[in-house]
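Data first, discussion second: the structure below is written as structure tokens.
The values are calculated or read from the model by the stated rules, or taken from the named source; none is laboratory data. Bear in mind that the values here come from a model prediction, so they are computed numbers and not experimental data. Here the Cβ positions follow ideal geometry from the backbone for every residue, glycine too, while neighbour counts run over all protein chains shown.
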Amino acid sequence: MSGGRCALCGGASLRRARAGLEICPDCGLGAVYPLADPGELRALYTRDYYEAWGPDGGEDPAVREMKQATFRARLRRLGPLPAGARVLDVGCATGHFLDLVAAAGGEPHGVEVSPYAAEVASGRHPGRVRCGTLEEAGYPADHFHAVFLSDVIEHVPQPAALLAEVWRIVAPGGRVVVATPDLGSAGARLLGRRWFHRKGEHIVYFSRRSLRWALGHAGFGGIRLRRGSKTVTLAYLASHFRTYPLFPVTPVLRLLDRCLPCRLLRRRFRLPTGEIVAHAHKPHSGAIPG
Ligand SMILES: [Zn+2]
């Protein structure tokens, strides 16, 4: 036991549980305690970090198209964007999602802690990308039509503070979309510490219960959760599992990577990834919009 308090609700009765995590019985959050230092975490996101995405730090056109296929499906669920709608991607990395917002007629904004990734994104969307944490970015209140957090909240040691800031900057009636690994997924249950989402840079782990708790506690309404999936290629998976080895997945993918023709390695397909995708909205004062 850490003797510490839950990173989400502040509860003091943490229990050692699966995947080597401590779970809070009050809100359901799993986390690695003591919580990592934000400064040390930030130092991880160099150019090398993005090499796991494949050649050229994920700037390879095939990787870009693959990542954008996942994001396109998430963006479509918002429905048509009003012209010029401001959409923020928290943890925008090199800006693949921002491209889609612009193409859909919205006004893309991104915030990213990695100076390398923020510079790449900024090159494609000048003046629209801030380097730092969301809190440091200091956006105006009630400012965004929608805020996306794709594969980012699990990297943050203070998720409640992050969601409070998201709530502040979303306009009344605006939306938040959160995608994050699911601690209740079959992969987490079966693989324990070897779960493929269990990584050094992942600090907090949500289940459906804890994500619903976190969004509700931050003030969001109309919370809907569904299972996440991603568009991937065998080439991408081989690269990913080279960086994050998992037996026997890594050697099998290495073999396929050597033997299969390029067109098969680059063929895109949907893969359930053991994640949760949550949609919620900031209520108009006094009423929850439909
Ligand atoms: Zn808790």
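A few notes on this one:
- Every residue from segment 199-214 that is modelled with pLDDT of 90 or more and closer than 25 Å to R42 by Cβ: H202, I203, V204, Y205, F206, S210, L211, A214
- Residue in segment 63-76 that is within 17 Å of the chain's Cα centre (by Cα), at pLDDT 80 or above and part of a loop (DSSP other than H, G, I, E, B) present: no
- Residue list for segment 83-119, filter: in a helix (DSSP H, G or I), closer than 21 Å to A179 by Cβ and of a type outside the set (D, E, K, R): H96, F97, L98, L100, V101, A102, A103, A117, A118
Residues are listed down the side, and each one gets a yes or a no for (1) free of Cβ contacts under 8 Å to residues at least 24 places away in the same chain; (2) exposed (fewer than 15 other Cβ atoms within 10 Å of the Cβ):
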| position | (1), (2) |
| --- | --- |
| H202 | no, no |
| R212 | no, no |
| T243 | no, yes |
| P251 | yes, yes |
| I276 | no, no |
| H284 | no, yes |
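- In this structure, V101 does not qualify as surrounded by 22 or more Cβ atoms within 10 Å (Cβ to Cβ) and under 27 Å from A43 (Cβ atoms).
- Among the residues listed as V170, V177, the single one being assigned by TED's automatic domain parsing to the domain that holds T70 and within 18 Å of S229 (Cβ to Cβ): V177
- Restricting segment 14-37 to residues that are part of a loop (DSSP other than H, G, I, E, B) and within 9 Å of the ligand (Cβ to nearest atom) leaves a set whose member that is nearest to K199 (Cα to Cα) is L29.
- Pair list, Cβ < 9 Å and 6+ apart or interchain, from segment 116-133 residues that are charged (D, E, K, R) to residues that are surrounded by fewer than 21 Cβ atoms within 10 Å (Cβ to Cβ) and part of a strand (DSSP E or B): E119/C131; R128/E107
- Criterion: buried (at least 20 other Cβ atoms within 10 Å of the Cβ) and among the aliphatic types (A, V, I, L, M) - qualifying residue of A186, A179, A171, A161: A179
- Look at (1) of a type outside the set (D, E, K, R); (2) farther than 26 Å from R227 by Cβ; (3) touching a residue at least 24 places away in the same chain (Cβ under 8 Å); (4) assigned to a strand (DSSP E or B) and you find that H145 fails only one, number (2).
- Out of L225, L253, one residue alone is at pLDDT 90 or above, over 26 Å from F206 (Cα atoms) and of a type in the set (A, V, I, L, M, F, W, C). It is L253.
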